Amino acid sequence: MRTPRAWLPLALMTTLILALGAYAAVRQDAFLTQYNLGNLLLTAMPLVLVSLGQTNALLVGGFDVSVAALMTLCVVTASFTLQPDKSWPLLFGGAFVIIGVGLATGVFNATLVRVLKLPSIIATLGTLSILEGASLLLRDHPEGFINADVIEALNKSVSFVPYAFIAVVVLAIAADLWLYRTRAGLAVRAVGLDDTSSRRLGMATGRTVFLAFVICSLMAAVAGFYSAAQVQIGSPIIGNYALESIAAAVLGGASLAGGKGSFVGTLLAALFLTEIGNVLPLFQQPTEYAQMTIGGLILLALVLYQAPELLARLRTGWAGVGRLRARAPAAES
């Protein structure tokens, strides 16, 4: 069962989404148009997917900073395997190639972290450089168009809501139920909180961490499909999804120390970060404000979500100071 405190990230993100949306709707009529709302949800898809994957890595106490480079490589790969002149059977095969790239990267990262015992941030930084180099080797500049039928299939929607976004919402809810209502979910959180103790209790900590990094990379590969649908060309330069995915997971309630998180919270946070980027152009404001806002929100969230621990440390510190002051006169006498 989740404590009332665990619902804070979900409540905060929901409030911020509604507050920003209400402000934009009052000031700009264009915000509530079906075109803009549909564009907002489609634009959010890559960040939502990669952030859900990043949450898996954070739950077991790790990071994966290679996800952005992996998404870029998937977009570049799509420019070869999902070309406009290919038939549907070949397109399905090309899609499996992209998934295969994600799977291979996940296994590689998991091996570095779990088998070779490298720190996750160092291991995935190395992978990031390899993937970036591979992308530039395949496409040193944007070229190679993505099949229009694939783009249309990915962007299909009912009213202004993409089918893919509905599926992701269902996935996030199911993942949260699994995380907090099943023994397997408990095992994942236990590994993140204390790997050594979990191993002594007989939990398969190695397999749990391995699968977490594989799933993270697979989700990044799926996110690559939606990045490809947005840029529509094999570009070797895609957005900074690595830091943004970590930001979304943290804002959604994930702990940087592992063992705590929420897939629904991550989805809401990713949607809110995308909403910021959607609203700023409507008010003709520089997009740099979005990065500044994200940084400030991360710091605010860390303080709010860890307020009890911070207060406890403060009380402990003051209690220690009080004891030292009480001993000082006795020592002098």
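In this calculation the C-beta distance from residue 240 to residue 27 is compared with R0 = 30 Å, giving a FRET efficiency of 0.60. Element breakdown for the stretch 1-143 at a 1.4 angstrom probe: carbon and sulfur atoms account for 72% of the accessible area.
Rounded to whole Å and sorted largest first, what semi-axes of the equivalent ellipsoid does the C-alpha gyration tensor of the stretch 165-240 yield via the square root of 5 times each eigenvalue? Could you put the intermediate results ahead of the total?
Values: eigenvalues 207, 54, 12 Å².
Sorted largest first and rounded, they come to 32, 16, 8 Å.
Of the residues 288, 244, the one with the largest accessible area comes first in the ranking 288, 244, computed with a 1.4 Å probe on protein heavy atoms.
How tilted is helix 263-282 with respect to the longest principal axis of the chain? Cα atoms for both, answer in degrees (0 to 90, nearest 10). Taking the Cα atoms of the chain, the angle to 263-282 is about 60 degrees. Considering helices alone, the calculated mean residue ellipticity of the chain at 222 nm is -25000 deg cm²/dmol, with DSSP H runs of length four and up weighted by -39500 (n - 2.57) and normalised per residue. Think of a 1.4 Å ball rolled over the protein heavy atoms: the chain then has 50 Å² of accessible area per residue.
Bridging of residue 86 to lysines at a Cα separation below 22 Å is possible for 156, once same-chain residues fewer than 8 apart are set aside.
Using R₀ = 51 Å, calculate the FRET efficiency as 1/(1 + (r/R₀)^6) where r is the Cβ-Cβ separation of residue 80 and residue 299; round to 0.05. Computed FRET efficiency for residue 80 and residue 299 comes out at 0.80.
Give me the log10 of I(q) over I(0) for the stretch 154-208 at q = 0.22 Å⁻¹, as the Debye formula computes it from C-alpha points; what are the numbers? Log10 of I(q)/I(0), two decimals: -0.77. Length, then width, then depth: along the principal axes, the Cα atoms of the stretch 1-100 run 47, 42, 23 Å. Cα centroid separation, the stretch 1-75 to the stretch 146-219: 15 Å. When the chain is described by a simple charge dipole with +1 on each Lys and Arg Cβ and -1 on each Asp and Glu Cβ, the residue from 223, 211, 88 located farthest towards its positive end is 211.
Give, to the nearest whole percent, the P(r) tail of the stretch 98-179 beyond 22 angstrom, counting all Cα pairs.
Details: 1872 of 3321 pairs.
Result for the distance tail: 56 percent.
For the stretch 195-283, the spherically averaged projection of the C-alpha convex hull amounts to 7.5 nm². What the Cβ-Cβ distance of residue 125 and residue 183 gives, at R0 = 51 Å and to the nearest 0.05, is a FRET efficiency of 0.90. Relative to the Cα centre, the charge distribution of the chain, modelled as +1 at Lys and Arg Cβ and -1 at Asp and Glu Cβ, gives a dipole magnitude of about 1620 debye.
When you count the other C-beta atoms within 10 angstrom of each residue and take the mean per peptide, 76-86, 215-225 line up highest first as 215-225, 76-86.
If you line up the long axis of helix 8-27 against the longest principal axis of the chain, both from Cα atoms, how many degrees apart are they, to the nearest 10? The angle comes out at about 50 degrees.
Using just the C-alpha positions of the chain as equal point scatterers, what log10 of I(q)/I(0) does the Debye formula give at each q in 0.12, 0.14 1/Å? For the requested q values the scattering log ratios are -0.87, -1.14. Of the peptides 67-75, 272-280, 247-255, 234-242, the order by per-residue mean of other Cβ atoms within 10 Å, starting with the highest, comes out as 67-75, 247-255, 272-280, 234-242.
The values are calculated or read from the model by the stated rules, or taken from the named source; none is laboratory data. A quick note: this is a predicted structure, and the numbers were derived from the prediction, not measured. So basically every Cβ, Gly included, is an ideal-geometry build from the backbone, and we count neighbours across all protein chains shown. Only protein heavy atoms, including side chains, enter the accessible area calculation; ligands, DNA and RNA are left aside. Shrake-Rupley method; radii C 1.70, N 1.55, O 1.52, S 1.80 Å.
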